[in-house]
Amino acid sequence: MTEQLRRQNKQNKKNFKLIFILIGALLLAIAGGLLAYHSKTKNEQKQRVALVKEFTQFLSQGKYDSLPKIFLADTAQRNGYSDKEITAKYQNIFTAIEVKNIKMDKLKIVKQKEDKYQVSYELSFSTAMGQLKNLKYQTYLAYEEGKPKLEWGPNLIFPQMSGKDKVSMTVDEPIRGKILDRNNQPLAENGPLQQLGVVPQELGEGDKKEKNIKAIAETYDLTEKQIIQAVEQSWVKPNYFVPLKIVDEVKGLPTGASIQEITGRKYPLGAAAAHLVGYLGKITADDLKKHPELTSEGEIGRAGLEAVYDEKLRGKAGGKLAITDEKGNEKNVLLETKKQDGTAIQVTIDSSLQELAYNALAKKRGATVVSAPHNGELLALVSSPSYDPNKMTNGISQKDYDTYEKDEKKPFLNRFLTGYAPGSTFKAITAAIGLDNASLNPNEKLAIKGLKWQQDTSWGNYYVTRVADVGQVDLKAALVYSDNIYMAQETLKMGEKAFRAGLNKFIFGEKLNVPLAMNPAQISNEESFNSSILLADTGYGQGQLLINPIQQATMYSVFANKGTLVYPKLLTDVKVSKKADVVKETSVDRINEDLKAVVSDPNGTAHSLNSLGYPLAAKTGTAEIKEKQDERGQQNSFLLAYEGENSGYLFISMLEDRQENESATQLAPNVLAYLHEHY
């Protein structure tokens, strides 16, 4: 090959290499351009998606005044609105129908022509009338000054809307179910209430207005600030009636004030059944989060049975959500539901007995529980002192609420659900366990000297004390005189293992089928007493025992049922539940006989009840709470009373922190007379 050919081949190779480089560069430039274009297009699509999402976020957050800035500049005018009118329309409609929980789905943005895109999406949200699902929206998006903006029309409020259409909502509120006693007497019902209010234009102006507001405030225990705030609400117009409070009686009507009759919740027994029945309260934002089906204008159960059975009692509202034309003619129905009235519940309570038992406690701190021991029906559940559920439901003043809150007697505390050491009434159970396991001989007389005793010097300065210095004490005498020392000695002789075995046949640690929140009954803080003192104290009803009055009535039911324990029931439609052979029938017979002597024997601690003129079995008790051995602590007085094996009732009453010459027994005669006559 000649030198010339070699040079030519070498030049050709260089030329080919240069061509390949140029082609590669060109391909890279094209690919880069395509990538840049794709990236730009992708970013622009993200901006368009973000715009639509921002629109729905403004709706969710109630930022209606921010809406016009994301719409095309002339869109409001082209649809016959101003920006302010668009804002107001959303504000009025979405607030009135209580739009919440807006969720967007199936968003599509498709290019139609240069800088114009079709937008479609679905919205679902809840309203005061219920849930609206998968509403299909459509509009378009265009660019102004390089930024995407939405076209607005009334169809973006609801797809069926156009022009000057409006949204109409009519609500058919359900009737709340009654709470009835065993005899169909209402414990909670709906009835007429007197609502005090003002008509702003009738208050006058200037000094005259101030004078009238002051007069209304002074007459009806309101503050001037409360009245002023009420009439300054955004919805108020000069001729509107503005409600202020529910009143029991009309004391005269200062200028500007008026009364309207409304239907509301009423509690015929008032304070006597407040802790059982409860009350209603205004629905809060937290309630709406937990129960989206509620509306902000309604009420919800706040305590007692009203709270436990709120959903059943309140029912479901009905009504219609519709689009109308400018003149109010209906065009489209968005949502329509029929109301479902609340369901009544019936409880086993005897309202006459409930009121009588409450009044018997005379606003002292205490509780009374009455049951029908053969079927477990709870006939009365009383806690004292109490509060007025009518005030709590229909608008309590801050002054009245503070009075309750600061009362050292704690009227909000539900004492029939509070655990107490039951005191000497519990000796009946300790004795029955001892009789069952044969550690206790009822005829054996223990020689006891003096009013205090300790097992040995290991007890240090601790002594068990008693009230009566009786030298020879058998079971009957121990119950008649309520002898702590006898019961402590018998419990120690029995031993912890046998004692706990007997106690565990009852309801300690069990959750009862009663629709009221309570802690299970407790024997002790730990699984073992780890102390002979604690074992002895528990035997006569103190120590670390915690048993509320309902649980006490349940345990003592064995004495009216030949040793079978009958569980409590509060609703009439609940089946009776029993636990057999908790105590032997022979032991029950002996305890019943001795508890009758507590009343009939002149030395008996419940002998004052003998004047009622019919045989009663009873046991009194005093549980003392104190820091030191030789001081007088808080004393809680108890009474257990029934009419023996065939008794139609079992009565438990407790007087908390009793004073000198006070006892639960003293407060009981009127209630026991009623029970004897009716049960």
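The values are calculated or read from the model by the stated rules, or taken from the named source; none is laboratory data. Everything numeric here is computed off the predicted structure, so don't read it as measured data. Neighbour counts run over all protein chains shown; Cβ positions are idealised from the backbone, glycine included.
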What pairs come out if I take residues in the range 592-620 that are of a type in the set (Val, Ile, Thr) and pair them with residues that are surrounded by fewer than 17 Cβ atoms within 10 Å (Cβ to Cβ) whose C-beta lies under 8 Å away, six or more apart or interchain? 599/615
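Rundown of residues vs (1) buried (at least 22 other Cβ atoms within 10 Å of the Cβ); (2) assigned to a helix (DSSP H, G or I); (3) outside the structural domain of residue 482 (by TED's automatic domain parsing), yes/no style:
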| site | (1), (2), (3) |
| --- | --- |
| 369 | yes, no, no |
| 381 | yes, no, no |
| 401 | no, yes, no |
| 425 | yes, yes, no |
For residue 212: the one exception among (1) in contact (Cβ under 8 Å) with a residue 40 or more places away in the chain; (2) more than 23 Å from residue 398 (Cα to Cα); (3) surrounded by 12 or more Cβ atoms within 10 Å (Cβ to Cβ): (2)
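Looking at this structure, is residue 313 touching a helix residue (DSSP H, G or I) at 6+ places or on another chain (Cβ under 8 Å), in contact (Cβ under 8 Å) with a residue 12 or more places away in the chain, over 21 Å from residue 379 (Cα atoms) and not in a strand (DSSP E or B)? Let's see the steps before the verdict.
On the way: touching a helix residue (DSSP H, G or I) at 6+ places or on another chain (Cβ under 8 Å): yes; in contact (Cβ under 8 Å) with a residue 12 or more places away in the chain: yes; over 21 Å from residue 379 (Cα atoms): yes; not in a strand (DSSP E or B): yes.
Against the criterion (touching a helix residue (DSSP H, G or I) at 6+ places or on another chain (Cβ under 8 Å), in contact (Cβ under 8 Å) with a residue 12 or more places away in the chain, over 21 Å from residue 379 (Cα atoms) and not in a strand (DSSP E or B)), residue 313 qualifies.
Does the range 426-449 include one or more residues that are among the acidic types (Asp, Glu) and closer than 28 Å to residue 517 by Cβ? Give the derivation first.
Within the range 426-449, the subset among the acidic types (Asp, Glu) is 436, 444.
Filter once more, so that each one left must be closer than 28 Å to residue 517 by Cβ: none.
The answer is no, given that none of the residues of the range 426-449 is among the acidic types (Asp, Glu) and closer than 28 Å to residue 517 by Cβ.
So in the range 507-539, with the set limited to residues that are among the acidic types (Asp, Glu) and assigned to a loop (DSSP other than H, G, I, E, B), which one is farthest from residue 455 (Cα to Cα)?
Here is the first cut: in the range 507-539, the ones among the acidic types (Asp, Glu) are 510, 526-527, 537.
Those left that are additionally assigned to a loop (DSSP other than H, G, I, E, B): 510, 526-527.
On the way: 510: 33, 526: 22, 527: 23 Å.
In this case the residue turns out to be 510.
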All-but-one check, residue 368 against (1) closer than 30 Å to residue 617 by Cα; (2) under 20 Å from the mean Cα position of the chain (by Cα), failing number (2)
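If the requirement is being in contact with an Asp or Glu (Cβ under 9 Å, 6 or more places away or on another chain), over 30 Å from residue 298 (Cβ atoms) and surrounded by fewer than 13 Cβ atoms within 10 Å (Cβ to Cβ), which of these qualifies: 147, 113, 106? I'd like the intermediate steps shown before the answer.
Working: 147 fails: in contact with an Asp or Glu (Cβ under 9 Å, 6 or more places away or on another chain); 113 fails: in contact with an Asp or Glu (Cβ under 9 Å, 6 or more places away or on another chain).
Exactly one residue qualifies, and that residue is 106.
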Hey, does the range 449-463 have a residue that's in contact with a helix residue (DSSP H, G or I) (Cβ under 7 Å, 6 or more places away or on another chain), over 28 Å from residue 601 (Cα atoms) and of a type in the set (Phe, Trp, Tyr)? yes
From the residues in the range 575-630 that are in contact with a strand residue (DSSP E or B) (Cβ under 6 Å, 6 or more places away or on another chain) and surrounded by fewer than 16 Cβ atoms within 10 Å (Cβ to Cβ), which one is farthest from residue 676 (Cα to Cα)? 625
Just wondering, is there one or more residues in the range 256-264 that are outside any helix (DSSP H, G or I), polar (S, T, N, Q) and within 29 Å of residue 126 (Cα to Cα)? yes
